[in-house]
Amino acid sequence: MVHAWPFVRLPLGGLMELPHLITLQAVLDGFDVLLAQKERPRRCKLRVLDLRNTGQNFWSMWSGDIEHMSSSSLMAPVPEDRSRTEKPLAPLEVFVEMSLKEWAMDEFLTYLMRWAEQRKDSIHLCCKKLKIFGMPVENIMKVLSVVQLDCIQDIEVNQNWHLSSLATFAPLLGQMSNVQRLILSVSEEQEQHVVVQFTSQFLKLHHLRDLCLESPFF
């Protein structure tokens with residue numbers, strides 16, 4: 001299916017409601033075939049793998065359930081921002097929503113991260129919505145080293161960080177230049193120099209429209 005997909009975007013988020021590792025492996029194997037080709041078949045226009053659950057039913061979209069869809073919309077390619085799909089250094093993009101919990105990621109996300117890390121020159125891993133709940137900052141840094149930080153638009157951090165962890169995360173926040181919404185819940189323990197170091201990164205977030213700081217003791 002991947003080799004002959006005639007549209008720019010392949011939306012598989014509906015299939016990933018209950019993430020199945022074998023399904024993911026099969027899809028990524030198909031991408032590897034495309035990446036290995038010096039010239040792609042003309043009929044293959046695939047540039048984006050979308051693993052986000054957008055509420056659309058995959059089988060309804062592509063398998064003939066046209067009760068609520070016109071024939072033209074059923075056959076039309078999914079619109080995509082051309083500025084992001086035609087980057088020569090990143091011919092293929094993978095979109096995913098991330099919820100980082102506890103000490104480690106599930107096997108689905110772990111496999112995807114390793115796959116993307118090994119192909120950083122030819123794959124851009126994009127995450128528009130990022131949630132962090134209880135994962136150690138060292139693990140978070142490893143995950144975000146693979147993600148295109150300027151793709152992140154929505155961040156929710158809900159965990160108590162020590163001052164050193166907060167300071168470690170601050171420079172990464174400054175690289176998330178397209179963030180529009182930030183929810184931050186931190187420890188009551190704050191010191192002025194760390195607060196300044198962290199909030200100074202806000203000056204780089206030119207698209208930030210919504211900021212929520214829970215329990216700030218400045």
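Read-outs: derived from the displayed coordinates by stated rules, not from any lab. This is a predicted model, so every value here is computed, not measured. Cβ sites come from the backbone with ideal geometry, for glycine too, and all protein chains shown count toward neighbours.
For Lys101, the lysines whose Cα comes closer than 29 Å to its Cα, not counting residues fewer than 8 places off in the same chain, are Lys120, Lys128, Lys129, Lys131, Lys142, Lys204. Here each label is just a point 7 Å from Cα along the line to Cβ, and for Ile22 and Asn139 those points are 2.7 nm apart.
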